[in-house]
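Working notes, structure below.
No value in this document is a laboratory result; all are computed from the given coordinates. Quick caveat, the model's predicted, so the values are computed rather than measured. Here the Cβ positions follow ideal geometry from the backbone for every residue, glycine too, while neighbour counts run over all protein chains shown.
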Amino acid sequence: MGSNGSDEPREDYPIARGRSLTLFSEDLLYALSRCIGCGNCNTFCQVFFLVDQREKLSPRAWIRTSSMVGLGQVKVSVEYIESLYACTQCSLCRNSCPVGLDPFALIMSSRKELIDQGYVPPIEVAALPEEVVEGSPLLPGPHWERNKWLPRDMPRSGRYLFISGAWARSAPDSAVASIELARRRLDLFVADREPECGLILRLAGYLDQYRELTGEMLALIEDLSPVGVVSGCPARAESLRELGVNALHPVDLLVEESPSARRKKPKVALIPDPLARSTSKAAEELLQSVLGPEFLGSLPRFSASCGHLITFRSNPDIVRSLFLTALKEAEYMGASEAVFLNPLAFALAREILRGERVRVKISELSQTLLKVLS
Ligand code: SF4
Ligand code: SF4
């Protein structure tokens, strides 16, 4: 899949060629122009389906407006940029298009090309690159630096390097749970210091900064030469795997064992991670093995990752509303617990739903597994 979000071979793009007023690259304009406006992607979109159901916030609307903006037919407005960041990058629309477009990729590319042209994302999103590089808190609520939550007996050398991320400062309980699950099976260690994870910057459109941070991460791994890397974030583990690193999430370690619960089993609905599709599938298999019929499956129209933090920073009401609707769906399924696979999405949900009256408890997968398997 190219950055233009299409599997189609590139043809001459007749409209933009030779025009200096176009804002976006020809590749992106060409892909945007191929949208036939059928709206099939809208029916998959969590923002459209769960929050809006009007044409204002939907992949079809974002593609149509991006096409006009990219061609210079309408001016870039604050409303357009804000609306583009309402997409949570949940990727549910990826395989929905009859002409083979990938709305998820087109929206991400539009964000990137706007930034390349000097347009600034919503202020709280624009603050992300500096905050990520400096290791500042990314989420609302209390924070714990690594030396406050890392188990004191955690070795500084070993065979498998454990990496955490910004989420661990907001959900240290999830970080400790994923370490506990992994180190019962592997010789785990941590580096004295690790670079921040830049995945969130890629989603926000800051591709160069993402590449820089990923380069630092790869350099650290090469320097320490572990047998493998374990990450408590499935999206980070899968993105490192794509780069050739032997990277694992605790789910990958447990799924082979087919364990079963030792404690009272909660009725669980899983909230998958759209950036970690194979781990999401493995998590379903694992929960089926651990919980049996008490595992009710994944939520059908909702998945969550660090993309939700980007949308929260630009459109907080949308994310709050999405989380509340998702929990209602979990309740409707009969769940007592909605379990997030992505720890940053869990930390965000826990913080913004604090004080809300919800019937379904929220948890994160490593914590749930540690509890029912111990
Ligand atoms: S990535 Fe998710 S939120 Fe964004 S347009 Fe697609 S379905 Fe909608
Ligand atoms: S499904 Fe494809 S062609 Fe239809 S509106 Fe969405 S992007 Fe356009």
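For the reader, a short list of remarks on this structure follows.
- Close amide H partners of Leu101, meaning residues 5 or more places away or on another chain with modelled amide H under 5 Å apart, do not exist here.
- For the stretch 75-199, the residue among Ser164, Cys97, Pro121 whose Cα projects farthest onto the positive side of the dipole built from Cβ charges is Ser164.
- Relative contact order of the chain, defined on C-alpha pairs under 8 angstrom at six or more residues apart (%): 17 percent
- Residues whose placed amide H lies under 5 Å from that of Ser298, excluding near-sequence neighbours: Leu270
- Packing-based exposure ordering (other Cβ within 10 Å, fewest first) of Glu329, Glu130, Glu82: Glu130, Glu82, Glu329
- For the stretch 26-120, a crude dipole built from +1 on the beta carbon of Lys and Arg and -1 on the beta carbon of Asp and Glu, taken about the Cα centre, is about 200 debye to the nearest 20.
- Positive-end residue of Leu106, Ala175, Cys38, charge dipole of the chain with Cβ unit charges: Ala175
- A cysteine counts as unpartnered when no other cysteine's C-beta lies under 4.7 Å of its own; in the chain this applies to Cys35, Cys38, Cys45, Cys87, Cys90, Cys97, Cys197, Cys233, Cys306.
- Computed log₁₀ I(q)/I(0) - Debye formula, equal Cα scatterers, no solvent, the chain, q 0.10, 0.11, 0.14 Å⁻¹: -0.63, -0.77, -1.20
- For Ile200, Ile179, the sequence from fewest to most other C-beta atoms within 10 Å is Ile179, Ile200.
- Viscosity 1.002 mPa s, temperature 20 °C, Stokes-Einstein D of the stretch 254-373 from Kirkwood C-alpha radius, µm²/s: 150 µm²/s
- The modelled label-to-label distance for the pair Glu212/Ile123, using points 7 Å beyond Cα in the direction of Cβ, is 2.4 nm.
- Counting 0.36 nm for each residue step from Ala191 to Cys38 and taking away their Cα separation leaves a gain of 50.1 nm.
- Antiparallel %, DSSP beta bridges [both residues in the chain], to 5: 5 percent
- Alpha-carbon centroids, the stretch 253-301 and the stretch 96-138: separation in whole Å: 31 Å
- Long-range HN-HN contacts of Val230 with modeled amide H, under 5 Å: Leu161, Phe162, Ile163, Leu248
- Backbone HN-Hα couplings from phi across the stretch 113-130 [Karplus 6.51/-1.76/1.60, Hz, Gly and Pro as x]: 6, 5, 4, 4, 8, x, 7, 9, x, x, 3, 6, 7, 5, 7, 4, x, 5
- Pairs from the list Lys112/Lys361; Lys56/Lys328; Lys112/Lys281; Lys281/Lys361 with a Cα-Cα gap above 26 Å: Lys112/Lys361; Lys112/Lys281.
- As a rough footprinting exposure proxy, the listed residues Cys97, Cys38, Cys233 were ranked by other beta carbons within 10 Å of their own, and the order from fewest upward is Cys38, Cys97, Cys233.
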